[in-house]
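Just below is one structure, and these are the notes that go with it.
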Amino acid sequence: MLVFHTQIHLVTFIFIVLETVMLAFQFFYYLFRPEDKNRLYYLILLILLLVYNITGGLFPDPNIPLAVPYQEMIAYGSGFLMASYFPFYFYKAFELKSLRWHAFYGVPLFLVLPYIIFFVIDYAVAGNLDKDLKYGMLAPFLYALVLLWVMFRAIHQQHEVKRNNREFMEEIAMYVAVSPWASLALFGFVEESQVVEVLVTNTGIVAITLLFIWKSIQKTRSEYRNSLQSQLDQGDSEIQQRNFVHFKLTRMEIEITQRLLKGHRNKDIADDLHISEETVKKHIYNVYKKTNVRNRTSLLHKLRNSHFNVALAFFI
């Protein structure tokens with residue numbers, strides 16, 4: 001089912017609409033925080049994917065007032081551009097350092113150069129697209145397989161610690177996000193329907209989007225905790241002491257709370273105070289109960305923002 005009397009399939013159009021909405025949302029969010037480089041990298045990825053979906057859906061179409069050879073160049077060019085950006089995105093956004101050579105040197109050599117030679121120069125001169133597909137996609141396809149293995153290995157190494165702690169979801173999501181990348185080169189050899197191509201290639205962006213959202217949430221939480229910790233560290237220590245008095249914490253509870261708010265783990269607190277970890281947990285439970293909170297972040301917020309009640313209690 002095609003839309004608007006063009007070659008764009010309904011499925012492709014749905015992806016285009018969804019990605020356009022996501023692009024607008026992320027762009028406005030980026031305007032508020034232009035220092036967020038990962039969001040910028042993600043915006044570029046969305047833009048390239050949109051161009052790829054639009055040109056891949058529209059071209060080639062003899063009804064469009066543009067010569068078919070130019071349409072083919074643009075359509076294949078958007079695919080090569082999309083494929084070329086993937087390694088750079090994973091290198092920067094997910095800090096896969098082993099991809100640096102591929103992002104800056106391998107991609108131009110094995111992806112960009114074949115496109116220019118076969119799909120621009122040779123196609124413009126000879127006009128034989130079948131021959132260019134046969135020879136021009138060989139090096140990119142083989143390189144895609146090599147780079148896919150390099151990316152898998154980099155992801156595996158990066159998540160070794162988390163894997164030992166039985167935390168697999170982020171690693172699995174990254175594998176899912178990377179896998180469709182190789183299909184960009186495969187579709188140059190194998191003619192598939194537009195629907196199949198769009199569904200396969202856009203699966204990766206869905207996984208990347210979920211990863212991006214998850215990492216953004218983690219980053220925001222971390223920044224919030226650090227902000228609260230910074231406020232407490234820079235604030236008036238007398239207020240903190242008054243809060244301890246106001247909530248009637250014992251000496252041991254105060255010592256544990258002070259370490260707790262600095263981000264110390266229960267085991268570290270136990271070793272520092274020469275008590276058992278179970279005793280630490282019991283004191284923390286009592287502190288939470290006295291201050292009516294459920295976690296460390298809420299406790300930090302409570303101790304920093306109970307000034308009115310504390311001041312009132314102090315004068316009474």
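The values are calculated or read from the model by the stated rules, or taken from the named source; none is laboratory data. Predicted model only: the values in this text are computed from it and were never measured. Virtual Cβ from ideal backbone geometry, glycine too; neighbours counted across all protein chains shown. Note: accessible area is taken over every heavy atom of the protein model, side chains too, but ligands, DNA and RNA are not part of it. Shrake-Rupley method; radii C 1.70, N 1.55, O 1.52, S 1.80 Å.
If residue 66 satisfies all but one of (1) farther than 18 Å from residue 198 by Cα; (2) free of Cβ contacts under 8 Å to residues at least 60 places away in the same chain; (3) in a helix (DSSP H, G or I), what's the number of the condition it fails?
Single failed check for residue 66: (3).
In the stretch 77-104, how many residues are open to solvent by less than 20 Å² (accessible area, probe 1.4 Å) and under 12 Å from the mean Cα position of the chain (by Cα)?
Residues that pass the stated criteria total 4.
For residue 71, which of the numbered conditions (1) open to solvent by less than 10 Å² (accessible area, probe 1.4 Å); (2) touching a helix residue (DSSP H, G or I) at 6+ places or on another chain (Cβ under 7 Å) fails to hold?
The failed condition is (2).
How many residues does the stretch 58-75 contain that are within 13 Å of residue 8 (Cα to Cα) and either touching a strand residue (DSSP E or B) at 6+ places or on another chain (Cβ under 8 Å) or charged (D, E, K, R) (or both)?
Counting residues in the stretch 58-75 that are within 13 Å of residue 8 (Cα to Cα) and either touching a strand residue (DSSP E or B) at 6+ places or on another chain (Cβ under 8 Å) or charged (D, E, K, R) (or both) gives 1.
Give me the pairs, please: first residue somewhere in the stretch 240-259 and of a type in the set (Lys, Arg) and modelled with pLDDT under 85, second residue anywhere and surrounded by 15 or more Cβ atoms within 10 Å (Cβ to Cβ) and assigned to a helix (DSSP H, G or I), beta-carbon distance under 8 Å, and either six or more positions apart or on two chains.
242/310
Restricting to the stretch 40-51, and then to whatever is in contact (Cβ under 8 Å) with a residue 40 or more places away in the chain and crowded, with 18+ Cβ neighbours inside 10 Å, can you tell me which residue is farthest from residue 95 (Cα to Cα)?
Only one residue fits best here, namely 49.
Filter the stretch 8-28 for residues that are surrounded by fewer than 17 Cβ atoms within 10 Å (Cβ to Cβ) and among the β-branched types (Val, Ile, Thr) and give the result.
14, 17, 20, 21 - these are the residues of the stretch 8-28 that are surrounded by fewer than 17 Cβ atoms within 10 Å (Cβ to Cβ) and among the β-branched types (Val, Ile, Thr).
Can you find, within the stretch 117-140, the residue that is farthest from residue 67 (Cα to Cα) among those that are surrounded by fewer than 17 Cβ atoms within 10 Å (Cβ to Cβ), under 35 Å from the mean Cα position of the chain (by Cα) and hydrophobic (A, V, I, L, M, F, W, C)?
Only one residue fits best here, namely 138.
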